1. Order of 33, 200 from fewest to most other C-beta atoms within 10 Å?
2. Once the Cα atoms of helix 151-163 and of the chain are each reduced to a long axis, what angle between those two axes, in degrees from 0 to 90 to the nearest 10, is obtained?
3. So, with +1 on the Cβ of K and R and -1 on the Cβ of D and E, and no other charges, what is the size of the charge dipole of the chain about its Cα centre, to the nearest 20 debye?
4. Taking neighbour Cβ counts within 10 Å as the exposure measure, how do 87, 162 sort from fewest upward?
5. Applying 1/(1 + (r/R0)^6) with R0 = 35 Å to the Cβ-Cβ distance of residue 218 and residue 267, what FRET efficiency is obtained, to the nearest 0.05?
6. Could you tell me which residue out of 251, 227, 104 lies farthest along the dipole of the chain toward its positive end? Charges go on the beta carbon: Lys and Arg +1, Asp and Glu -1, centred on the Cα centre.
7. Using the Cα centre as the reference, give the magnitude of the dipole from point charges on the C-beta atoms of the range 137-276 (Lys, Arg: +1; Asp, Glu: -1; all else neutral), rounded to the nearest 20 debye.
8. How many angstrom lie between the C-alpha centres of the range 122-197 and the range 210-276?
Amino acid sequence: TKFIFVTGGVVSGIGKGISAASIGRLLKDRGLSVFMQKFDPYLNVDPGTMSPYQHGEVFVTKDGAETDLDLGHYERFIDEELTKGASITTGKVYSTVIAKERRGDYDGATVQVIPHITNEIKNAVYKAAKESKADVVITEIGGTVGDIESLPFLEAIRQIHSENKKSDVLFVHTVLVPNIPGSDELKTKPTQHSFKELMSNGIKTDVIIVRSNGLVTDDLREKISLFCDVPVEAVIQSTNVELIYEVPLVFHEQHLDDYILKELDLEDRPASKGKW
Ligand code: ADP
């Protein structure tokens with residue numbers, strides 16, 4: 001199994017979920033089977049008790065799990081039914097670890113964030129791979145890089161990267177490139193900071209997805225490529241579209257599927273049929 005982790009920087013609500021789902025769609029179109037999961041840093045065990053006014057719809061999976069609305073995007077984009085393993089929250093991870101501790105499973109050890117919480121997070125990724133038998137598992141990390149709550153998730157995916165082959169794990173980072181009103185300049189500084197923040201957690205992103213009100217020109221792409229140490233072709237703009245279902249097409253036009261397959265050593269996959 002190959003693993004893709006999608007993180008977000010600069011601001012929340014930047015389109016991580018749509019980016020993750022669009023990547024899933026593109027890979028499915030190349031003949032790969034895909035499973036998607038979402039990690040949410042909040043302490044609720046699941047979104048079932050959260051106000052829909054605050055959190056949006058609760059998406060119920062076929063096995064009855066009450067999950068984050070992003071799972072609805074995933075199912076609609078990749079056209080696969082997901083299961084309870086697709087939705088993991090900090091609350092769920094902690095309650096599992098605390099239940100194990102009470103049962104004596106840790107054999108008297110001091111139970112800590114690293115390794116006990118991070119191991120439980122890693123288990124959720126590996127279990128999803130095992131149970132779904134998918135070629136690729138795409139995991140979206142909720143929240144924004146730099147949040148205190150996201151740290152155990154970032155540490156867990158760093159460990160997954162170090163315990164697997166380089167060609168089996170890919171990191172995607174979604175950022176905002178704001179424009180200054182008046183001068184209409186696009187600014188990459190927040191992207192550079194976000195890249196650094198991710199690096200300080202031991203994660204070097206392979207792909208950068210840019211949301212912006214302006215056009216990401218070749219010059220801007222080169223600048224991001226230079227500062228964030230990714231090839232120019234790995235800087236992808238998620239253009240503002242009217243219908244979110246156009247996003248996979250936008251990514252495909254920038255050859256994101258080819259790039260991901262190359263990085264994951266899956267180049268022998270047939271070319272996209274481009275039928276969406
Ligand atoms: P996040 O996962 O980062 O919180 P989402 O993927 O849920 O963000 O997206 C937030 C909102 O932005 C959604 O309402 C989605 O429809 C919209 N959105 C995402 N990407 C695009 C895009 N390329 N063009 C227009 N709207 C988008």
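1. Values: 33 15, 200 11.
Listing 33, 200 from fewest to most nearby Cβ atoms yields 200, 33.
2. Compared with the principal axis, the helix lies near 80 degrees.
3. Working: 31 positive and 42 negative charges, 89 e Å.
Using Cβ point charges on Lys, Arg, Asp and Glu, the chain gives about 420 debye.
4. Details: 87 23, 162 10.
Ascending number of Cβ neighbours within 10 Å: 162, 87.
5. On the way: r = 25 Å, r/R0 = 0.72.
Efficiency computed from Cβ-Cβ geometry: 0.90.
6. The Cα lying farthest towards the positive end belongs to 104.
7. Values: 14 positive and 24 negative charges, 27 e Å.
Charge dipole of the range 137-276: 140 debye, to the nearest 20.
8. Each part reduced to its Cα centre gives a spacing of 16 Å.
No value in this document is a laboratory result; all are computed from the given coordinates. Treat the numbers as computed from the prediction; the structure is a model and nothing was measured. No Cβ is skipped: glycine too gets one built from the backbone with ideal geometry, and neighbour counts run over all protein chains shown.
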